[in-house]
Amino acid sequence: MTFQPLAEPIRSVRNHWVNQIATHSAMRPDHVAFKFKGVDTTWKQLHERSERFADALSRRGVGFGDRVLILALNYTEYIEAVMGINALGAIAVPVNFRLTPPEVAYIVADSGAKAIVTDSILQPLAVGVAARAAGLDCVVVINGQSGEGVIGYEDFLAEPGEPHAPLDIPEETPCLIMYTSGTTGSPKGAVLTHANMNAQALTCIRAMEITPDSIGFCTSPLFHIAGLGSLTPYFMLGGKTVLHPLGAFDATEFLDEVEKEQATAAFCVPVQWQLICEEPTVKQRKLALQALCWGAAPASDTVLRAMADCFPNAFNVAVFGQTEMSPITCVLEGKDALRKIGSVGHPIPTIQARVVDDEMNDVAPGEVGEIVYRGPTLMQGYWNKPEATAEAFHGGWFHSGDLVRVDDEGFVYVVDRKKDMIISGGENIYCAEVENVLFAHPKIHEASVVGRPHEKWGEVPVAIVALAEGVDDLTLEELGPFLNDTLARYKHPKHLVIVPELPRNASGKVVKNELRKQYSA
């Protein structure tokens, strides 16, 4: 038998989301890929518009390996832009729209972006940053008009000219640079490949039991890996996604849309699920939800039990991970949600994970250590930061910075971030453990714990809490008996600060840096 090579170029068999969209465009052209604000976009429309976006970028000199920054709210055009950028073998750089001009300027300079995609709301920020950036002279504005220094998105797509040449884009090609929040200095850009995103898609398909008939509901900002990562199974299988506009989260509006669209799977951060479960009509809704997914921040036992009570016919899936891992590393399946409440589940089958001490020795079950990883979802490294990359990959494993313990059944429990651990009088205090107990107090709506220097003990915990509706006051003396039941005395907060609400970033995480700056002194 002799081997006959493919007549079609190798690019046609590459497995990445650019080709996946092309496949759905050919095989199910009129099926809805995305719905945004009541407007449907079919797979054929998504493919054609992404290709036209790539054509226009190509005519401006953007090519393989170049970077294009995206600074915008959630729109279907955001997804078209990512796919158009990747169709050239270029790299999309989604940016948090809540960053300040100097922070955005840093990412522009660090990534060496050649163009910016923005929207009419963020146009002043994008134009201001672009004006001071070397080599960046293309600003495309979603929902905007062409003018001095900018071009409207629809005008960009409608420009006449030569189409880009079809390219072979191997799966190992970077498709995204996702900048982390920069908790200890400048943000670091995690370089993620098409292969990473394919591995992420398989994880989501398995964890949330997604099929081609599933309807996803995306509330996450697309600049966050939880946003783009949640779309990967639908790119792979051809299912439909309802893209929720960004803004102040409204639980009633969320339920209205989920009910109207009969969405089968939804990812929300815990604070959003808390608001949803508190919505007065939640139990009367006629919903099709089968998978409730949460992650990006810890969920208290109180919230998890409320989810089980409000959605008895759906399974609750916890996903845990980080940007550098595309992002999911552990999944708690629905069948274990109540039996193993507080756990993030098992490491996913496609990766290797260990729990180690500071000398990279495996710790015994039940002991606390740092979880480290290898596998196909692992980033290539940090953009332009070889030293940070080498430190993260010390010992041949990726160091997550997450402190966990594993029970005798292999279930992982997150104890804290390594940098958040408080050492008081030689004893380790894990902020997440204290926060979980505080959260269950009937007078507390949300809580966070940070360390404060102490002359005798080295550090002591400080609790920053927002009170429940209708509650006016709470004291440490009042908290004491409640905490005694579940926390050793040395873990009790030594100071209590009451605030209207905790500061959170766009992905729902409490911004502990702000709390440390204000309350650690």
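With q set to 0.19 Å⁻¹, the log10 of I(q)/I(0) for segment 38-169, from the Debye formula over equal scatterers at the Cα positions, is -1.05. Here the chain carries DSSP beta bridges of which approximately 55% are antiparallel, counting only pairs with both residues inside. Each of Thr211, Thr329 was scored by other Cβ atoms within 10 Å of its Cβ. Listed from fewest to most, they are Thr211, Thr329.
Please say if segment 173-310 is rounded, prolate or oblate, where rounded means a/c under 1.5 for a ≥ b ≥ c the square roots of the C-alpha gyration tensor eigenvalues, and otherwise the choice is prolate for a/b larger than b/c and oblate otherwise? Oblate is the answer for segment 173-310, as a/c is 1.5 or above yet b/c matches or exceeds a/b. The mean sequence distance of close C-alpha pairs (under 8 Å, at least 6 residues apart), as a share of the length of segment 40-102, puts its relative contact order at 40 percent.
Expressed to the nearest 5 percent, the antiparallel share of DSSP beta bridges inside segment 38-169 is 5 percent.
Sort segment 421-519 into rounded, prolate or oblate with this rule: let a ≥ b ≥ c be the square roots of the eigenvalues of the Cα gyration tensor; rounded if a/c is under 1.5, and if a/c is not under 1.5, prolate when a/b is larger than b/c, oblate otherwise. Oblate shape, in that a/c is at least 1.5 and b/c is the bigger or equal ratio.
Were the residues from Val13 through Asn384 laid out at 0.36 nm apart, the gain over their Cα-Cα distance would be 130.4 nm. Count Lys and Arg as plus one, Asp and Glu as minus one, and take only other residues whose Cβ is under 13 Å from that of Lys491; the net charge is then -4. Loop-located GluC sites (Glu not before Pro) in segment 369-426 (DSSP state not H, G, I, E or B) with no more than 16 neighbouring Cβ atoms inside 10 Å: Glu409. When a/c is below 1.5 the answer is rounded, else prolate if a/b is larger than b/c, else oblate, so apply that to segment 313-371 with a ≥ b ≥ c taken from the square roots of the Cα gyration tensor eigenvalues. Oblate. Summing +1 for each Lys or Arg and -1 for each Asp or Glu among the other residues whose beta-carbon sits under 11 angstrom from that of Pro187 gives 0.
The ranking of Val510, Val82 by Cβ neighbour count inside 10 Å, starting from the fewest, reads Val510, Val82. With N the number of residues in segment 131-222, Rg(Cα) / (2.2 N^0.38 Å) evaluates to 1.51. The Asp472 and Ile121 beta-carbon pair, evaluated with R₀ = 51 Å, returns a calculated FRET efficiency of approximately 0.85. Put in order of Cβ neighbour count within 10 Å, fewest first, the listed residues Tyr430, Tyr234 become Tyr430, Tyr234.
Note on Arg489 and Ala521: with the Förster distance fixed at 30 Å, the Cβ-Cβ geometry gives a FRET efficiency of about 0.80. FRET efficiency for the Arg98 to Asp408 pair, using the beta carbon distance and R₀ = 45 Å, is estimated at 0.60. Relative to the longest principal axis of the Cα atoms of the chain, helix 301-310 runs at roughly 60 degrees. Scaling the Cα radius of gyration of the chain by the globular reference 2.2 N^0.38 Å produces a ratio of 1.00.
Compared with the direct C-alpha span, the chain from Arg374 to Asn361 gains 3.1 nm at full extension, assuming 0.36 nm per residue.
None of the figures in this text is laboratory data; all of them are computed from the coordinates on show. Since this is a predicted model, take the numbers as computed values, not measurements. Glycine gets a Cβ as well: all are built from the backbone with ideal geometry, and neighbour counts include every protein chain shown.
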